[in-house]
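One structure is given here, and the rest of the page talks about it.
The values are calculated or read from the model by the stated rules, or taken from the named source; none is laboratory data. None of the values given here were measured: they were computed from a predicted structure. Here Cβ is always computed from backbone atoms with ideal geometry, including for glycine, and neighbour counts include all displayed protein chains. To get the accessible areas, we keep the full protein, side chains included, count just its heavy atoms, and leave off ligands, DNA and RNA. Shrake-Rupley method; radii C 1.70, N 1.55, O 1.52, S 1.80 Å.
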Amino acid sequence: VQLQASGGGLVQPGGSLRLSCAASGSAFSIVHMGWYRQAPGAQRELVAQILTDGSAYYVDSLKGRFTISRDMSKSTVYLQMDSLKPEDTAVYYCNAVNPVSGMGYWGKGTQVTVSS
């Protein structure tokens with residue numbers, strides 16, 4: 001599985017962005033998809049994950065502001081980010097995990113900067 005993330009950019013506090021991650025290959029339907037982020041000087045952390053059955057999980061602190069979704073027909077996963085805060089500034093990475101084999105895949109990150 002190859003992953004290509006896009007949609008990052010500079011946004012003012014309170015604004016919104018939608019990240020996209022397009023997956024190549026035929027395995028999209030059998031992998032869990034997730035978004036992680038890594039702020040400068042910090043460890044990479046899970047933001048949200050969506051399973052093959054459509055179940056979605058979020059870091060508690062982000063519930064209500066971020067929404068993960070996936071479009072099977074486009075092999076794409078999205079992260080809608082609303083009410084953005086400066087502390088959301090980070091490089092956001094797309095991740096895929098095959099729950100059977102345990103194999104994980106990473107895409108190149110996309111920078112999100114929240115600043116006035």
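How many percent of the accessible area of the range 38-114 is carbon or sulfur, using a 1.4 Å probe? Carbon with sulfur: 50 percent of the solvent-accessible area.
When only alpha carbons are used to place a centre, the range 90-116 and the range 1-70 end up 7 Å from one another. Once all protein chains are placed together, R44 keeps about 90 Å² accessible to a 1.4 angstrom probe. Ordered from largest to smallest accessible area (heavy atoms of protein chains, 1.4 Å probe), the residues W35, W106 come out as W106, W35.
Under the 0.36 nm per residue contour assumption, what length would be gained going from the current alpha-carbon distance of R65 and S16 to full extension? Full extension from R65 to S16 adds 16.7 nm.
How would you classify the range 1-102 from its alpha-carbon gyration tensor, with a ≥ b ≥ c the square roots of the eigenvalues: rounded for a/c under 1.5, else prolate if a/b is greater than b/c, otherwise oblate? It is prolate, given that a/c is not under 1.5 and a/b is the larger ratio. The residues of the range 67-116 present an accessible area of 49 Å² per residue when probed at 1.4 Å with all protein chains retained. Taken over the range 44-116, the percentage of Cα pairs per 10 Å bin, counting from 0 up to the bin with the maximum distance, is 17, 51, 28, 4, 0. Please give the net charge around R37, taking every other residue with its beta carbon less than 12 angstrom from that of R37, where Lys and Arg add +1 and Asp and Glu add -1. That sum, taken over residues with Cβ under 12 Å, equals -2.
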